[in-house]
Structures are given as structure tokens and as C-alpha cells.
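Asks: For reference, the structure I am asking about is given below.
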Amino acid sequence: MKSRSLLAALAVATALSGCNLAPKYVRPVGAAPATLPEGGVYPRAATDAPDITQIGWRDFFLDPRLQQVIEAGLANNRDLRIAAGNVLQARAQYGIQRASQVPNTTISGSGTYTNNAFGAAGGGMGAGGAAGGIGAGTGTGTGTGTGTGTGTGTGTGGVGGGTGVGAGAGAGAVGGGIGSASSNLEFYSVNAGFSQFELDLFGRVQNLSRAALEQYFASEEAQRAARISLIAEIANAWLRMAADQEQLRISRETLKAFEQSLELTRAQFRIGVASELEARQAETNYQAARNDIATLQTQVARDQNALNLLVGATVPADQLPTNLGSGPVTRDALPGDLSSEVLLRRPDVLQAEHQLIAQNANIGAARAAFFPRISLTATIGTISTALSGLFGGGSFTYNAAPSVALPLFDGGRNAANLDYAKASQQVAVATYERAIQSAFREVSDALAQRGTIEEQVSAQTARAEAASVAARLSDARYRAGVDSFLVALDAQRTAYAAQQQLVTTRLARGSNLVELYRALGGGLN
């Protein structure tokens, strides 16, 4: 009956632990405009465009070599492994904190073996009177008694009575000899219970558990953000290497043209047809192209090193790009929904929001520290002098020890902890709002470039074609004696620069699509 009352009291106390002193969470609003920018340089979204955030990276990146490189990076990148380890750590921390909400129950069993206390004081004497011992040995005392058993003892005088177990004259009520006992007492017990379980009447433990849970969620979002960023970084590194390979090809082709011009002008200079100035200017173009080739060779090697680091392993040669190519590397897709609500689904924004919710819960835990802390220690079990009677009738035992601790004077520690929690919550609000604003800026920048990049590519393509034609015409006019060699050299330099700029612009177009994909939170599948 008493055990049922104890369990009922514990259940009622646990049910009362619903008080939560944490402030109600309200998502901050107004940190960024409601819609993403449109009009002007910003493109108009197609009505039938898919949701870019729902396009998996395998469907967005079209080049099979790039797909293989990204897949290897997701498997081997060490930063991504660190992020995964952080998730596991946060999940374990949450499990530890959540365990505080339930009693830490243990079960124990024991056996105790001890000497009989009276036998130890009067061993060897016959048991006589009220204090007669049970044992065997040799002792001296005063009194008269009658006993039967094994042992020897002598004594005279005094008044004693009773029947004991001993040999010879037993001990009287006061008499006692000195000897050694041989009888033992045995006790067996089994107990189950918990110690110092806090009855969370004011939500302190609950809020600490909620804070740990939100930090776990935040670490998961951080891992997702790291995954998206890694995909984008690998794609951009792959595209940069492709562009540098294309630049290297152009420089090598241009070097051959400059070498032919240099040989021609030197020959003309030797026969007096051309001046030394023309020969030196031709050599200037030739040496500049040589320098570009050496620089680009170094850059290509550095591009591969950067790609290997991102992937976490050496990328096979058959997966490396040889040129930027004219075909599409990514899907040419615009987002179908330009509402800024899409930014709230970005992993880094969700990470900041979970951290904000965690700080709200920490405020509740800090407030609860001002209230009494009630804890309970309780056990139930059974005890017996015989192992066979351990679970028999009348062996039940229980123990309950509730305690209350009320802070009276702590030197302002609890107040300072509450101030710190409130300040941390304000920092978390600002961090969340900054994450939204940064996301808005990244998407807006990507959209702004997206709105004009096709025009830039078109213009640069036309410029490069025109410069190439002008270089050929100028060279023909020079050989025909119509134009000077300086005009031909200038046309060659212009064509070379236009081709290099076209590659740079095409790289910007590819990188812009990757950045728009990343900024909108795509790339998880």
C-alpha cells in the first residue's frame, strides 16, 4: 500500500513538470524584402520553370566527368567528414541531456555475513541469565548458571539464572569472560531505485534538453550547408581548370602565330626591309605569349591540386577537363518562385534559426534556477536472513528521501546567468537576421549577373570573331604592303586578348549558374 502511494506521488510530481519559463518563440521578420528583385538587370522567371531547390545535383550537372568528381568528393572530403562528426557529437550530447528527464534507475543485491555481537563478548561461557552468550571457548566470570553444550567455564558468586548453551558454569547477568565466538549472522537484500532525481516542476531540465535538441538540429543543417557548398566548390574548381586549359590552348596557338611573325620580321630586318623596331615589337608579342603559357601551366597544376583537396583524393586524368567546351555543363534553369520565402529553407538560415530556438530554451533554464529545486531519492526492495526467504512474505522494504533546495544568496550568479542567456538570445536573433540578409544578397547578386551574362557572352563571342577576322585581314594587308607591320601586330594582340576574354566570360556564365543553384539551396539529392 505504501509502495503504491510512493509511485503515485512520483507520477503526480512528474505530471506537474509542465511549467515552462522559456519565452515563446516568434520567428523574426523584416530582415529582408518579401520578394527577390525583379526588373532591370534581373531576369524574369519563367512560369514553367522548375523549383531549382528540388533539382538534385546529378540532374543539374550534365557532364559525366564532373558528376564522378562530385560523387568522389562527397565520399572523401575531410571537411564534410568533420561536419558529419559534429552531427554525431551533437546527437550524443542531446542523448546525454535528455537522459536527465527520466530517473536513473539501478538495481542492486547484497549479502552480509557478520559475527553475533553477544557471542563475541562472552564466547566460551555458558549462557546464563539474560545476557548468556552462545559459543565455545574459555572464560572467567561471576555468577551461577546452568548450561549445556560444548566448552568450559568457571565462575562463582553473583546472582544469575537462565539456561544457555555452554559447558560448566554459565555466565550470570553481569559476569562475562573473554573468549572467541564461532556463530555468524547472515543478511540478504535486493533493492531497486533512483538517486537525486530532479522533479522538473519549473522546466529547467526540459529546457536544457530542448536546447541540446536544437543544437543537434543546427549541426544537421550545418552538415547540409557544407554538402551544398562542397558541391558548388568542386564544380567551380572543375570549371576553372577547364577555362585555364582553354586559355593554355589559345596561348599555344597564338605563340605559333607570333613565332612566325617574329621569324618573318627578323628575316626582313636582316635584309633591310624591316626595321629593328618592328623586329623588337614582334619579339615582345612572342615573349608575352611564352610567359602566358608558363603562367597558365602553373595555374592548371594549381587547379588540379585545389580539386584534389576538395575531392579528398587524386582525381583520375580521365575525369579532368581538357577545355571549357561549347556544350552546357549545367542545366540552364531559372527559379520558378522568386519569393524570398525560399531563403528560409536554406540550410545555413535553418541552422541559425535552430540556434536561436536553443537560446530561447536557455533563457527558460536560467529563469528556473531562481525557483526551488526538488529532488527525490527512493528505493524499494526486500531483505531476509535467509537467501531462500528473500522474496517471502514480510520481507518488503522501501525508502524515500525527498529534498528541496532554494537559492537564498549566490552572489548574483543566477541573475548573471539569466542576463547572459538573454544577451546570447539577442546575438542569435542578429545572427539569424544576418544569415537571411546574406542569403538575399547572394541570390540577388547571382540573379543580377544571370540577367546580363548571356548578353556578355554574345558580345564577347562577336568581338572575338571580329578580332580574328581583323587580324587575318591586317596580316594580309601587311604582306601586300598596304598596312604597316605595327598595325598587323596590334590586330594580333587584340584578337588574342578577345579570345582570352571570351573564355573568362564563358567561365563566369558557368560559375553564375552554379552560384545561383547554391544560393537558392539546391544540391542535396
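Asks: What number goes with the only condition from (1) within 30 Å of ASN285 (Cβ to Cβ); (2) open to solvent by less than 30 Å² (accessible area, probe 1.4 Å); (3) β-branched (Val, Ile, Thr) that VAL482 does not pass?
Replies: For VAL482, the failing item is (2).
Asks: Which pairs do you get when a residue that is surrounded by fewer than 20 Cβ atoms within 10 Å (Cβ to Cβ), found in segment 55-66, comes within reach of a residue that is part of a strand (DSSP E or B), reach meaning Cβ atoms under 8 angstrom, with the pair 6+ apart or on two chains?
Replies: Hits for this filter: LEU62/THR330.
Asks: Residues that are over 30 Å from ALA192 (Cα atoms) and under 29 Å from the mean Cα position of the chain (by Cα): does segment 399-417 have at least one?
Replies: Initial filter on segment 399-417 (over 30 Å from ALA192 (Cα atoms)): 407-417.
From what's left, under 29 Å from the mean Cα position of the chain (by Cα): 416-417.
Looking for residues that are over 30 Å from ALA192 (Cα atoms) and under 29 Å from the mean Cα position of the chain (by Cα), one finds at least one in segment 399-417, hence yes.
Asks: For the condition surrounded by fewer than 19 Cβ atoms within 10 Å (Cβ to Cβ), under 27 Å from VAL273 (Cα atoms) and under 60 Å from the mean Cα position of the chain (by Cα), what is the one hit in SER468, SER458?
Replies: Only one candidate qualifies: SER468.
Asks: Related question: Could you tell me which numbered condition ALA476 fails, if it satisfies all but one of (1) surrounded by 13 or more Cβ atoms within 10 Å (Cβ to Cβ); (2) in a helix (DSSP H, G or I)?
Replies: (1)
Asks: While we're looking at this one, here's another question. What is the number of the single condition among (1) more than 30 Å from SER424 (Cβ to Cβ); (2) surrounded by fewer than 22 Cβ atoms within 10 Å (Cβ to Cβ); (3) under 36 Å from the mean Cα position of the chain (by Cα) that LEU344 does not meet?
Replies: Checking LEU344 against (1) more than 30 Å from SER424 (Cβ to Cβ); (2) surrounded by fewer than 22 Cβ atoms within 10 Å (Cβ to Cβ); (3) under 36 Å from the mean Cα position of the chain (by Cα), the one that fails is (1).
Asks: Of everything in segment 279-311, what is open to solvent by less than 40 Å² (accessible area, probe 1.4 Å) and either modelled with pLDDT of 95 or more or of a type in the set (Asp, Glu) (or both)? Give them in sequence order.
Replies: Correct list: ILE293, LEU296, VAL300, ASP303, LEU307, ASN308, LEU310, VAL311.
Yes or no, residue by residue, for (1) closer than 23 Å to ARG227 by Cβ; (2) hydroxyl-bearing (Ser, Thr, Tyr):
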residue	(1), (2)
GLU278	no, no
GLU283	no, no
GLN287	no, no
VAL315	yes, no
GLN319	yes, no
SER339	no, yes
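Asks: Out of (1) in contact (Cβ under 8 Å) with a residue 40 or more places away in the chain; (2) in contact with a strand residue (DSSP E or B) (Cβ under 9 Å, 6 or more places away or on another chain), the odd one out for ALA401 is which?
Replies: Every condition holds for ALA401 apart from (1).
Asks: Here is a check on your reading of the model: is LEU513 part of a helix (DSSP H, G or I), touching a strand residue (DSSP E or B) at 6+ places or on another chain (Cβ under 7 Å) and at negative phi?
Replies: yes
Asks: Collect the residues in segment 365-416 that are assigned to a loop (DSSP other than H, G, I, E, B) and not small (Gly, Ala, Ser), keeping them in residue-number order.
Replies: PHE370, PHE371, PRO372, THR385, LEU390, PHE391, LEU406, PRO407, LEU408, PHE409, ASP410 - these are the residues of segment 365-416 that are assigned to a loop (DSSP other than H, G, I, E, B) and not small (Gly, Ala, Ser).
So that you can scan it fast, the table gives a plain yes or no per residue for (1) in contact with a Phe, Trp or Tyr (Cβ under 7 Å, 6 or more places away or on another chain); (2) among the aliphatic types (A, V, I, L, M); (3) open to solvent by less than 40 Å² (accessible area, probe 1.4 Å); (4) at pLDDT 95 or above:
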site: VAL69; (1), (2), (3), (4): yes, yes, yes, yes
site: GLY73; (1), (2), (3), (4): no, no, yes, yes
site: ASP79; (1), (2), (3), (4): no, no, no, no
site: ALA84; (1), (2), (3), (4): no, yes, yes, no
site: ALA90; (1), (2), (3), (4): yes, yes, yes, no
site: GLY95; (1), (2), (3), (4): no, no, yes, no
site: ARG98; (1), (2), (3), (4): no, no, no, no
site: ASN104; (1), (2), (3), (4): yes, no, no, no
site: SER108; (1), (2), (3), (4): no, no, no, no
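Asks: State yes or no: is THR53 at negative phi, over 27 Å from the mean Cα position of the chain (by Cα), modelled with pLDDT under 75 and in a helix (DSSP H, G or I)?
Replies: no
Asks: Do we find a residue being outside any helix (DSSP H, G or I), farther than 30 Å from SER110 by Cβ and in contact (Cβ under 8 Å) with a residue 24 or more places away in the chain anywhere in segment 423-433?
Replies: No, there is no match, as no residue in segment 423-433 is outside any helix (DSSP H, G or I), farther than 30 Å from SER110 by Cβ and in contact (Cβ under 8 Å) with a residue 24 or more places away in the chain.
Asks: Hey, could you check segment 380-396 for residues that are open to solvent by 90 Å² or more (accessible area, probe 1.4 Å) and either aromatic (Phe, Trp, Tyr) or under 53 Å from the mean Cα position of the chain (by Cα) (or both) and say which is farthest from ALA192 (Cα to Cα)?
Replies: LEU387
Asks: Looking only at segment 312-337, filter to residues that are farther than 30 Å from VAL87 by Cα and crowded, with 20+ Cβ neighbours inside 10 Å; which one of those is modelled with the highest pLDDT?
Replies: Of the residues in segment 312-337, the ones farther than 30 Å from VAL87 by Cα are 316-337.
Checking which are crowded, with 20+ Cβ neighbours inside 10 Å leaves us with 321, 324, 329-330, 335.
On the way: PRO321: 94, LEU324: 87, VAL329: 86, THR330: 87, PRO335: 68.
Step by step, filter segment 312-337, then rank; the result is PRO321.
Asks: Regarding segment 268-288, can at least one residue be identified that is within 35 Å of the chain's Cα centre (by Cα) and assigned to a helix (DSSP H, G or I)?
Replies: Looking only at segment 268-288, we keep the residues that are within 35 Å of the chain's Cα centre (by Cα), and these are none.
Looking through segment 268-288, none of the residues is within 35 Å of the chain's Cα centre (by Cα) and assigned to a helix (DSSP H, G or I).
Asks: With ARG331, ARG290, ARG367, ARG302 as the choices, which residue is closer than 30 Å to GLY411 by Cβ, out of contact with any strand residue (DSSP E or B) (no Cβ under 6 Å at 6 or more places or on another chain) and of a type in the set (Lys, Arg)?
Replies: Matching residue, one of ARG331, ARG290, ARG367, ARG302: ARG367.
The values are calculated or read from the model by the stated rules, or taken from the named source; none is laboratory data. Note that the structure is a prediction, hence the values are computed from the model and not measured. A quick note on method: Cβ atoms are made from the backbone with ideal geometry, for glycine too, and the neighbour counts reach across all protein chains shown. Side chains are part of the model used for accessible areas, which takes the heavy atoms of the whole protein and leaves out ligands, DNA and RNA. Shrake-Rupley method; radii C 1.70, N 1.55, O 1.52, S 1.80 Å.
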